[in-house]
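Chemist: Pasting a structure below so you can have a look.
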Amino acid sequence: MSELSHQAQAVLDAVEDDCIHPDDRHRIAAAALCAAADQVVPEEESCEGGFSDSLEHQCRASERRLARAELLAIATELENHQ
């Protein structure tokens with residue numbers, strides 16, 4: 001069994017006490033992270049107010065995409081952990 005990253009282990013520890021079956025904890029933790037990514041950093045962003053071409057908007061959008069990718073990477077790690 002491979003070691004989880006610190007971030008993935010923290011999420012797994014958070015759900016461990018409430019699981020009915022220990023094998024479900026990876027799936028539950030991954031689902032929680034995917035839901036968080038969808039709520040906090042939606043895949044499709046809206047461009048309101050005509051700021052889509054500003055450098056500041058582009059930087060913020062890039063940061064949001066990176067945050068989403070990092071959350072989903074932890075979820076994938078948990079889903080694939082055996």
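Nothing in this text is a laboratory measurement; each read-out follows from the coordinates by a stated rule. Note that the structure is predicted; figures quoted are calculated from it, not measured. Neighbour counts run over all protein chains shown; Cβ positions are idealised from the backbone, glycine included.
Chemist: Please compute the net charge surrounding His6, taking Lys and Arg as +1 and Asp and Glu as -1 over other residues with Cβ under 12 Å from its Cβ. Let's see the in-between values first.
Modeler: On the way: positive: none; negative: Glu3, Asp13, Glu77.
Around His6, the surrounding residues sum to -3.
Chemist: Quickly work out the Ser54-to-His6 label distance, labels modelled 7 Å from Cα along the C-beta direction, and quote it in nm with one decimal.
Modeler: The answer from the label model is 3.5 nm.
Chemist: Extending each Cα 7 Å along its Cβ direction at Thr76 and Ala14, get the distance between those two points in nm, one decimal.
Modeler: The two pseudo-label positions are separated by 2.1 nm.
Chemist: Report the extension gain between Asp23 and Glu43 in nm, rounded to one decimal, defined as 0.36 nm multiplied by the number of residues separating them, less their alpha carbon distance. Spell out each step's value before the answer.
Modeler: Details: separation 20, 0.36 × 20 = 7.20 nm, distance 2.91 nm.
Extra length available between Asp23 and Glu43 comes to 4.3 nm.
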